[in-house]
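The structure appears right after this line, and notes come after that.
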Number of protein chains: 2
Amino acid sequence: MPVDLTPSQALGLWHEVTLQQVHEDGRDLTLRQLAILLEIYLVPPPHTVRGLAARLGVTKPVITRALDTMGEQGLVTRMRDERDRRNVVIKRTVDGALYLERLGDLIIAGGRKLAP
Amino acid sequence: MPVDLTPSQALGLWHEVTLQQVHEDGRDLTLRQLAILLEIYLVPPPHTVRGLAARLGVTKPVITRALDTMGEQGLVTRMRDERDRRNVVIKRTVDGALYLERLGDLIIAGGRKLAP
DNA sequence: GACGAACGATACGGTAGCGTAACGACAGCC
DNA sequence: GGCTGTCGTTACGCTACCGTATCGTTCGTC
């Protein structure tokens, strides 16, 4: 069930949601950070630093830094993989799920608001 | 003609588009910068620094800085208002229009790709 | 002409991101 | 046990953004 949008609707939706985000998001995530967060929550685990780096096409330090920041904000957690202690497994958190739920609501509301 | 999305579709759309953006956008605009750009191109002129600041709920230096950066990248231009030389009028550019057109395509493609 | 208000820009100190390069910890294999 | 390769992290120098406060210019009014 694909979603078909006109160019005007597509940009209008982005406009509305971005505006709301800027207005009320005290967190101010980077585009990259948001992409990482969505990847973690929408794609089945496990997630590793290396995997995320490859998926986003960025270097590993970018992932480490983003996880540091988002970890401090409680959006994600890291745990060492006990089966292979070189790996780090990235875990979801309740706060992270709530944050994305809120973003989803924003997007849905933005879509409803289009071209009145 | 509003657009109705399920929570899964909403976040899926954001996921897809954000991922693409991170992959291929060499410009790496901030969330605020993108909001400003969309505001300038989707809302009828004239646009002023003060007006944009009020609309986004941020301070004026934020707008000035964003216009500096996006100006260097050719996405917007500034001109003094000759009728009231205290004001600065923000103008659109061809490059800016192309950039947003490209973003629109990305969003539309993302929507089509949902839930295969 | 002088004064107050409005506008956008700038200065300042601080914070957080970036890319490149190097690092320590660990696993697998000989 | 020692080598090699793979993890994720850290170090370094740099750039860009942040908020607050202040500045110079211009307008409107007296």
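The values are calculated or read from the model by the stated rules, or taken from the named source; none is laboratory data. All figures in this text were calculated on a predicted structure; none of them were measured in a lab. Cβ coordinates were reconstructed from backbone atoms using ideal geometry, including for glycine residues, and neighbour counts include every protein chain displayed.
Checked against the criterion of being more than 15 Å from DNA strand D (Cβ to nearest atom) and polar (S, T, N, Q), the range A:43-65 contains not a single residue that satisfies it. Residues in the range A:53-64 that are without any contact (Cβ under 8 Å) to a residue 12 or more places away in the chain and away from chain B (no Cβ under 11 Å): A:ALA53, A:ALA54, A:THR59, A:LYS60, A:PRO61. Return yes or no: is B:ARG50 modelled with pLDDT of 95 or more and more than 10 Å from every other protein chain (Cβ to nearest Cβ)? In short, yes.
Suppose the filter is closer than 29 Å to A:GLU39 by Cα and touching a residue at least 12 places away in the same chain (Cβ under 8 Å); does B:ARG27 pass it? Here the answer is yes, as B:ARG27 does meet what is asked.
The single residue among B:LEU67, B:LEU75 that is more than 14 Å from chain A (Cβ to nearest Cβ) and in contact with a strand residue (DSSP E or B) (Cβ under 7 Å, 6 or more places away or on another chain) turns out to be B:LEU67.
Out of everything in the range B:77-99 that is free of Cβ contacts under 8 Å to residues at least 40 places away in the same chain and touching a helix residue (DSSP H, G or I) at 6+ places or on another chain (Cβ under 7 Å), what residue ends up being nearest to B:TYR41 (Cα to Cα)? The extreme case among them is B:THR77. Note on the range A:92-108: among residues that are of a type outside the set (Gly, Ala, Ser) and surrounded by 15 or more Cβ atoms within 10 Å (Cβ to Cβ), the one that is farthest from A:GLU24 (Cα to Cα) is A:ARG92.
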